[in-house]
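What follows is one structure encoded as structure tokens, with my remarks underneath.
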């Protein structure tokens, strides 16, 4: 049984990078199917062109891919299709994204219940990501729900790093049981939680370890339907320059 990766395409300038990231994730998942979904009606021709170029590129192993385009009820369609996928791949929000683009991102992250790989703009520093994986660990259901479906995909990682925050006067965290029970060899790195932003320290540590992928939980609060992402999540959505796998 093959897994399904839904890659959501909205901007022609990010489409090729997203498709390549989805292909890499499919390889990590032992040959998952890639479903490309154009979610910007006015950009469909350009997005289809990027999809055709990606599909025509020479590769050692064939990729199983399908093309779909949405023209109305986009948020509802993404919520429905996304809930059927094993993973979703989408571009990191950009400062000039309009309301429609941001709504698509929020739907993918908050309304599907699936792990979402957030891909930074431009060429990835490591297109073969998944070799040096950092896990931002926190003992809660959000993190566990993100890590569990990713365990098979990081089974062949050369290095797995657990990045855990620690506070003075509290017991230091250990390697999570969710990893130890599954014989995942991981090294633990403790990061002091102080008055500054923890997201910045987390990303800096990932860079120091030369991680090419980060796995973390995602958090949000809703007041009168205005979504505000938590501090670490917000920082990563603004600054992460490596693929980040999140799940709300």
Inset, instruction - Please determine, by comparing only the residues of the range 61-82 that are in a loop (DSSP other than H, G, I, E, B) and at negative phi, which one is surrounded by the most Cβ atoms within 10 Å (Cβ to Cβ). - result: 70
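For (1) surrounded by fewer than 22 Cβ atoms within 10 Å (Cβ to Cβ); (2) at pLDDT 90 or above; (3) not in a loop (DSSP other than H, G, I, E, B), each residue gets a yes or a no:
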| residue | (1), (2), (3) |
| --- | --- |
| 107 | yes, yes, yes |
| 118 | no, yes, yes |
| 127 | yes, yes, no |
| 148 | yes, no, yes |
| 156 | yes, no, no |
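With respect to residue 91, is the statement that it is touching a residue at least 12 places away in the same chain (Cβ under 8 Å), assigned by TED's automatic domain parsing to the domain that holds residue 154 and crowded, with 22+ Cβ neighbours inside 10 Å true?
No, not satisfied.
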Legend entry - Extreme residue, modelled with the lowest pLDDT, among residues of the range 187-232 that are within 23 Å of residue 124 (Cβ to Cβ) and either assigned to a loop (DSSP other than H, G, I, E, B) or not assigned by TED's automatic domain parsing to the domain that holds residue 147 (or both): 218
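For (1) over 21 Å from the mean Cα position of the chain (by Cα); (2) outside the structural domain of residue 186 (by TED's automatic domain parsing); (3) within 30 Å of residue 188 (Cβ to Cβ), each residue gets a yes or a no:
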{"position": "42", "(1), (2), (3)": "yes, yes, no"}
{"position": "49", "(1), (2), (3)": "yes, yes, no"}
{"position": "55", "(1), (2), (3)": "yes, yes, no"}
{"position": "63", "(1), (2), (3)": "no, yes, no"}
{"position": "74", "(1), (2), (3)": "no, yes, no"}
{"position": "81", "(1), (2), (3)": "no, yes, no"}
{"position": "85", "(1), (2), (3)": "no, yes, no"}
{"position": "96", "(1), (2), (3)": "no, yes, no"}
{"position": "115", "(1), (2), (3)": "no, yes, yes"}
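The values are calculated or read from the model by the stated rules, or taken from the named source; none is laboratory data. Because the structure is predicted, anything quoted here is derived from the model rather than measured. Here Cβ is always computed from backbone atoms with ideal geometry, including for glycine, and neighbour counts include all displayed protein chains.
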